[in-house]
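The values are calculated or read from the model by the stated rules, or taken from the named source; none is laboratory data. Just so it is clear, the structure is predicted and the values come from calculations on it, not from any experiment. Cβ atoms come from the backbone with ideal geometry, glycine included; neighbour counts cover every protein chain shown. What goes into the accessible areas is simple: the full protein's heavy atoms, side chains included, and nothing from ligands, DNA or RNA. Shrake-Rupley method; radii C 1.70, N 1.55, O 1.52, S 1.80 Å.
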Amino acid sequence: KQYRITVPEGWRVQTGCIDEKCVLLSPRDTLGTYDRFTENISITINKLSSSKYTADMYANFSKGYLPKVVSNFEVLERKRLKYNKVLMIYQGKKDKYEQTWMQYYIVKHSRVYIVTCSLETKNYEYYRPIIEEYATTFALK
């Protein structure tokens, strides 16, 4: 593996996890109605076309691309955390669910490592501190 991340207690690693694409799935919650949405943290690794590609450039690319797959797309927050790491928080509707995403872009050695936390918007405030704690354990080896 090219990275490590702490798996939240009670969560499971989706079958078929490989270095380039891996998803951590939450257990069902009991925050009100029957839970049909599975909160998750996914890790995706993409090769970049140039070694000059930065995390900021990739965040800009994503901001342009995401409205094609997320309806009512809106960026809530965007900030550079390190020279090679950007966080973008956005919301919208996908797969019949109102969702909020926290997406980290880390660029190193002509690759972008994307850590995406997908949360149902109505449960975002509850889950954010929990999921953020684990997403920030992501580290390259």
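Under the 0.36 nm per residue contour assumption, what length would be gained going from the current alpha-carbon distance of GLU133 and SER49 to full extension?
So the chain would gain 27.1 nm between GLU133 and SER49.
Multiply the residue separation of GLN2 and ASN60 by 0.36 nm, subtract the distance between their alpha-carbon atoms, and state the gained length in nm to one decimal.
18.4 nm
Can you work out the FRET efficiency for the pair LEU81 and ARG36, with r the C-beta to C-beta distance and R0 = 41 Å, to the nearest 0.05?
The pair LEU81/ARG36 has a calculated efficiency of 0.80.
Among LYS79/LYS108; LYS1/LYS93; LYS1/LYS82; LYS68/LYS141; LYS79/LYS122; LYS1/LYS79, which pairs are too far apart, with a Cα-Cα distance over 29 Å?
LYS1/LYS93; LYS68/LYS141, as the Cα separations exceed 29 Å there.
So which chymotrypsin sites (Phe, Trp or Tyr not before Pro) in segment 5-113 end up in coil per DSSP with only 10 or fewer other C-beta atoms within 10 Å?
Filter output for segment 5-113: TYR34, TYR83.
Defining a contact as two alpha carbons under 8 Å apart and six or more residues distant in sequence, what relative contact order in percent does the chain show?
That works out to 27 percent.
Report Rg (one decimal) and Dmax (nearest whole number) for the chain, counting Cα atoms only, units Å.
Expressed in Å, the Cα Rg and Dmax of the chain come to 14.9, 47.
For the chain, list the cysteines whose Cβ sits under 4.7 Å from no other cysteine Cβ?
Here CYS117 come out as lacking a disulfide-compatible partner, given the Cβ-Cβ threshold of under 4.7 Å.
Tally Lys and Arg at +1 and Asp and Glu at -1 over the other residues with C-beta under 11 Å from the C-beta of GLU20: what net charge comes out?
Residues close to GLU20 contribute a combined charge of +3.
How much solvent-accessible surface does THR15 expose, in Å² to the nearest 10, with a 1.4 Å probe and all protein chains in place?
THR15 has an accessible surface of roughly 130 Å² with all protein chains in place.
Can you tell me how segment 76-141 classifies by the Cα gyration tensor, rounded, prolate or oblate, using a/c under 1.5 as the rounded cut?
Because a/c hits 1.5 or more and a/b exceeds b/c, segment 76-141 counts as prolate.
How many nm separate the modelled label positions at THR121 and LEU25, each set 7 Å beyond the Cα in the direction of the Cβ?
Simple spin-label model gives 2.5 nm for this pair.
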